[in-house]
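What follows is a short report on a single structure.
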Amino acid sequence: MVRAALMLVESPTKARTIAHLFGRPFRRRLGPLTIYEAAIGGVIVGVAATQGHITDLITRGDRGVHGVEIRDGRFIPVYGVVRRCYNCGEQWADGGDRCPTCKSEDIFDKSEIIEAARRLAQQYNEVYIATDPDAEGEKIAFDLMCLIKPFNSNIHRLEFHEVTRRGLLNALRNKRSVDVHLVEAQLLRRIEDRWIGFELSMKLWERFGSRWLSAGRVQTPVLGWIVERTLEHRKKRNLLRIRLAGGLVIDILDPKNLEDLLKAWEEKRLRVRIRDLREEERVVNPPPPYTTDALLRDAFQYLRLTAANAMQIAQELFEAGLITYHRTDATTVSQAGLSIAREYLSQISPDLFTPRTYRVEGAHEGIRPVKPIDSEKLRYYIRIGLLAIPARRLTEAHYRMYEILCTLIPPPIH
Ligand SMILES: [Zn+2]
């Protein structure tokens, strides 16, 4: 008998990318789900996308504090099935057949996804849940597991760190059960989001009279810290900026005896002479591989992308099988990553590859390309059809972010 496995992922792009790794998949539909079936190492694998969160905290006022009941010192978050409004995009988990914001009846109920996934699970021998490899993905995996288990109890969690053949085989070798600790971490985070975010946002609305403003669990304390540091900085530091005739700007932070210096220069009518001008050559080590925060910083500085935009583009590059998972704080590079660098550099010159040793080999890596091609090659391969990206077309921003990730050096501004 041929074994068959159902693989559930969040996004349709990821589903298509996975299914296309092993040739042209067969496509069918069941309810709202599109299933791509392909033979992967003697196993028929059907890949389907459950499209993001299945459940979320309710907002109804009659159950606990912002959807969390407190009983005997225990916190009990109450989750409901997510519904989404086609008209205004609003998402909620309190039930009801009308959008709470725009009152439209044109809504999508995630129960339809659950129903289809349950029916689908009965058609396969086992179920793989391959949602993104972080706490949020673990929570979605947990939801799916709980909802599907009565229909197929042979459920495994897969972790993809790159959507490639290697990433898939690696994930299959390391299949595991859902990590309840990670799920708990995510539940706590969601409760904090809700409690802190909700209360602080209401303060903002009161103060500024605008419902567009929101305050979050993380960004609010960080903003406070930045304000504090800025005030401290203004209090203490002096910056002396000298603009020379040729346009060169020299900044001197905290010049010693600023008053004396200014006075002396004024008396002398600012005749500056350069006594010592040297040129030197230095070997500059490349910066470490990108973590999420470093990528966001450079995406803003060099590509003018907001954090939300940059994350969206990184997510699409990941799902298209071009980069490793983009939510990471690791700067390690796996053996696979090193061999990709070697392969790429050897095309340029045989002695360019000088690997650094990285700390522990773990599942998590920095963000890096998963193919030994740079952005120029990527454009070329896609143009001539050598590389089929089973997703929407890559935009200029995608290519430029990919370029940053390849070089670790910001691209020139066009
Ligand atoms: Zn609506």
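No value in this document is a laboratory result; all are computed from the given coordinates. Just so it is clear, the model here is predicted, and its values are computed rather than measured. Every residue, glycine as well, gets a Cβ built from its backbone with ideal geometry; the counts of neighbours run over all protein chains shown.
Taking the longest Cα principal axis of the chain as reference, the axis of helix 219-236 is set at about 10 degrees. Proximity of backbone amide H atoms, modeled 1.01 Å from N, is registered between Ile35 and Arg28, Arg29, Leu30 at under 5 Å, excluding neighbours fewer than 5 places apart on the same chain. Extension gain, Leu338 to Thr407: 0.36 nm times the residue separation minus the Cα-Cα distance gives 23.4 nm. Across the stretch 36-42, rounded Karplus estimates of 3J(HN,Hα) from the backbone phi angles (6.51 cos²θ - 1.76 cosθ + 1.60, θ = phi - 60°) give 9, 10, 8, 8, 10, x, x Hz, Gly and Pro being marked x. For Leu387, the residues whose amide H sits under 5 Å from its own are Ile382, ignoring neighbours fewer than 5 places away on the same chain, with H placed 1.01 Å from N.
Does the chain come out rounded, prolate or oblate, given a ≥ b ≥ c as the square roots of the eigenvalues of its C-alpha gyration tensor, rounded meaning a/c under 1.5 and, failing that, prolate meaning a/b above b/c? Spell out each step's value before the answer.
Values: a/c = 2.44, a/b = 1.39, b/c = 1.75.
The shape class here is oblate.
The C-alpha atoms of the chain define a longest principal axis, and helix 335-346 lies at about 60 degrees to it. Checking every one of the trypsin sites (Lys or Arg not before Pro) in the stretch 285-345 against DSSP loop status and a limit of 14 other Cβ atoms within 10 Å picks out Arg304. Using r as the Cβ-Cβ distance of Val218 and Cys88, and R0 as 25 Å, what FRET efficiency do you calculate, to the nearest 0.05? According to the calculation, E is roughly 0.40.
Summary of the geometry: the stretch 1-44 and the stretch 86-116, compared by the centres of their Cα atoms, lie 27 Å apart.
For the chain, the antiparallel share of DSSP beta bridges with both residues in that region comes to about 70%.
Calculate the translational D of the stretch 1-128 in whole µm² s⁻¹ from Stokes-Einstein, where the hydrodynamic radius comes from the Kirkwood formula applied to all Cα pairs, the temperature is 10 °C and the viscosity 1.306 mPa s. Answer, rounded: 96 µm²/s. A Förster radius of 45 Å combined with the Cβ-Cβ distance from Arg173 to Arg207 puts the calculated FRET efficiency at roughly 0.25. The slack in the chain from Glu396 to Phe75, taken as 0.36 nm per residue of separation less the alpha-carbon distance, amounts to 110.9 nm. Along the positive direction of the dipole of the chain (beta-carbon charges: Lys, Arg +1; Asp, Glu -1; about the Cα centre), which of Val227, Ile250, Thr291 reaches farthest? My answer, from the dipole projection, is Ile250. Taking a ≥ b ≥ c as the square roots of the eigenvalues of the Cα gyration tensor, an a/c ratio of 1.5 or more together with a/b no larger than b/c marks the stretch 109-198 as oblate.
Database remark: amide H of Tyr128 closer than 5 angstrom to the amide H of Leu6, Met7, Leu8, His156 (H placed geometrically; neighbours at sequence offset of 5 or more, or on other chains; Pro and chain starts carry no H).
Here is how the number arises for the chain: DSSP H runs of 4 or more residues each give -39500 (n - 2.57), the sum is divided by the residue count, and the result at 222 nm is -11500 deg cm²/dmol. Once the Cα atoms are used to define both axes, helix 180-192 deviates from the longest principal axis of the chain by about 60 degrees. Between the stretch 178-241 and the stretch 126-151, the C-alpha centres lie 30 angstrom from each other. When all alpha carbon pairs of the stretch 178-241 are counted in 10 Å bins from zero, the resulting P(r) reads 19, 30, 26, 17, 6, 1 %. Here the stretch 55-104 was treated as a single set of alpha-carbon atoms; its pair distances binned every 5 Å from 0 give 5, 23, 24, 21, 13, 7, 4, 2, 0 percent. Karplus-derived 3J(HN,Hα) values for the stretch 123-129, using 6.51 cos²θ - 1.76 cosθ + 1.60 with θ = phi - 60°, are 8, 10, 6, 9, 10, 9, 10 Hz; glycine and proline are entered as x. Partner aspartates and glutamates whose Cα lies under 16 Å from the Cα of Lys139, excluding those fewer than 8 positions away in the same chain, are identified as Glu10, Asp56, Glu159, Asp179, Glu184, Glu192, Asp193.
List Val180, Val370 from most exposed to least, where exposure is judged by having the fewest other Cβ atoms within 10 Å. The partial results should precede the final answer.
Numbers: Val180 10, Val370 20.
Result, fewest neighbours first: Val180, Val370.
Absence of a disulfide-compatible partner, taken as no other cysteine beta carbon within less than 4.7 angstrom, is noted in the chain for Cys146, Cys406.
Taking 35 Å as R0, compute the FRET efficiency from the Cβ-Cβ separation of Asp329 and Ile382 and round it to 0.05. Efficiency, rounded to the nearest 0.05: 0.70.
Once you have a ≥ b ≥ c as the square roots of the Cα gyration tensor eigenvalues for the stretch 292-407, tell me rounded if a/c is under 1.5, and otherwise prolate or oblate according to whether a/b is larger than b/c. Oblate, since a/c reaches 1.5 and b/c is not below a/b.
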